Amino acid sequence: MIDWLGSDLDLDKVPTHVGIIMDGNGRWANARGLHRTQGHAAGEPALFDVVHGALDLGVKWLTVYTFSTENWSRDSNEVDFLMQFNVDLLERRRDELNDLGVRVIFMGDVMDDRVPRILRDRIKDAEDLTAHNTRLTMVFAFNYGGRIEIVDAVRAIGRKIADGSLNPDAIDLDAIGRHLYEPDMPDPDLVIRTSGEQRTSNFLLWQAAYSEYVFTEVLWPDFDRHVLASCIGEYQSRERRFGGAVDESLTDIER
Ligand code: IPE
Ligand code: IPE
Ligand code: MG
């Protein structure tokens, strides 16, 4: 029994892995006459409410898109703000996440020279502190791009072929998956995008091949555990087919 949950979700059919493209911070802020960066700040309580909601519902993996490889093209003030915001957030929130039993992982090119040294250190602190937690794995897709992730996997595979440790004929779907940034991460069952945009923007391109997508008009700072639950409700109403088909015109005996 979850006290905040009003709707009739099937708690036995909660997605194992939920990915979220947290979008709309800038529009949320601008609609209030605020600076875009204030929209990012307003997204923090939304994110932590979602973490609590995910924990209550029994979601095991939560991947949040926090900074894409394309986001470097934004105004340098906004980029600088986002880098420092990640430092502050990790300092303020790592103990809380640890106490909740959340394991923190950063997925993407953290070693990029453009990522400030202090942020790299804070990421390592948070990952080390929470490494043994098992209730929920929270993946920050940061300086992440699905295309470069595949490029990096191809490079790693190419190196193994060059040094003779991998036979090209042994490359299959599983081999590619094992060379992605988080080989042990299950594919997302559900990908949510906020703010009304309906595109992937380079998020989990390989892993989301058969994910259900739910798009909501809600801007990220207005998102919370209740909206998460309603997105999961929509997910539960979908029929996942994975390419298969059932002929509804046949009776059980004919089938
Ligand atoms: C998402 O909100 C956060 C990041 C991409 C870092 P946006 O900053 O993209 O907000 P909009 O889409 O401009 O409203
Ligand atoms: C995707 O949002 C990236 C993140 C949420 C971090 P964007 O706002 O960057 O995507 P586009 O530019 O609208 O496609
Ligand atoms: Mg956006």
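Structure above, values below:
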quantity	calculated
Backbone HN-Hα couplings from phi across the stretch 97-108 [Karplus 6.51/-1.76/1.60, Hz, Gly and Pro as x]	4, 5, 4, 7, x, 9, 8, 9, 10, 9, 10, x
The stretch 158-241: trypsin sites (Lys or Arg not before Pro) in DSSP coil with no more than 13 other Cβ atoms inside 10 Å	R199, R238, R240, R241
With every protein chain in place, the stretch 15-236: carbon and sulfur % of accessible area (1.4 Å)	48 percent
Charge tally in the Cβ shell below 15 Å around D10, where Lys, Arg are +1 and Asp, Glu are -1, D10 excluded	-4
The stretch 15-236, accessible area per residue, ligands and nucleic acids excluded (1.4 Å, Å²)	46 Å²
All aspartates and glutamates inside 12 Å of K124 as judged from Cα atoms, apart from same-chain residues fewer than 8 positions distant	E91
Max mean-square fluctuation residue, GNM over the chain, Cα-Cα springs under 10 Å, options G244, G53, G43	G244
Gain upon complete extension [D174, D12; 0.36 nm per residue less C-alpha separation]	55.5 nm
Residue-span extension gain [D95 to D252] - 0.36 nm each, minus C-alpha spacing	51.0 nm
Calculated FRET efficiency for the pair R114/N30, C-beta based, R₀ 30 Å, to 0.05	0.70
For the stretch 54-208, fraction of C-alpha pairs farther apart than 27 Å, in %	30 percent
Electrostatic dipole magnitude of the chain [Cβ: Lys, Arg +1; Asp, Glu -1; Cα centre; debye, to 20]	660 debye
The stretch 6-137: relative contact order in percent, alpha carbon pairs under 8 Å with at least 6 residues between	26 percent
Kirkwood Rh in Å, taken over the stretch 149-255 so that all alpha-carbon pairs contribute	17.2 Å
Length gained when the stretch I148-D184 is fully extended (0.36 nm per residue, less Cα-Cα span)	11.1 nm
Distance in nm between pseudo-label sites at Q198 and V87 (7 Å out along the Cβ direction from Cα)	4.1 nm
Phi to ³J(HN,Hα) by Karplus 6.51 cos²θ - 1.76 cosθ + 1.60 over the stretch 156-162, Hz, x for Gly, Pro	4, 5, x, 5, 5, 5, 5
Surface accessible to a 1.4 Å probe, M111 within the full protein complex, Å²	130 Å²
Taking the stretch 15-236 and dividing mean pair separation by its residue count, relative contact order in percent (alpha carbons under 8 Å, at least six apart)	31 percent
With all protein chains modelled, accessible area of D12 [1.4 Å, Å²]	140 Å²
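The values are calculated or read from the model by the stated rules, or taken from the named source; none is laboratory data. These numbers were taken from a predicted model, which means no experiment stands behind them. Cβ atoms come from the backbone with ideal geometry, glycine included; neighbour counts cover every protein chain shown. Surface areas here come from the heavy atoms of the whole protein model, side chains and all, with no ligands, DNA or RNA. Shrake-Rupley method; radii C 1.70, N 1.55, O 1.52, S 1.80 Å.
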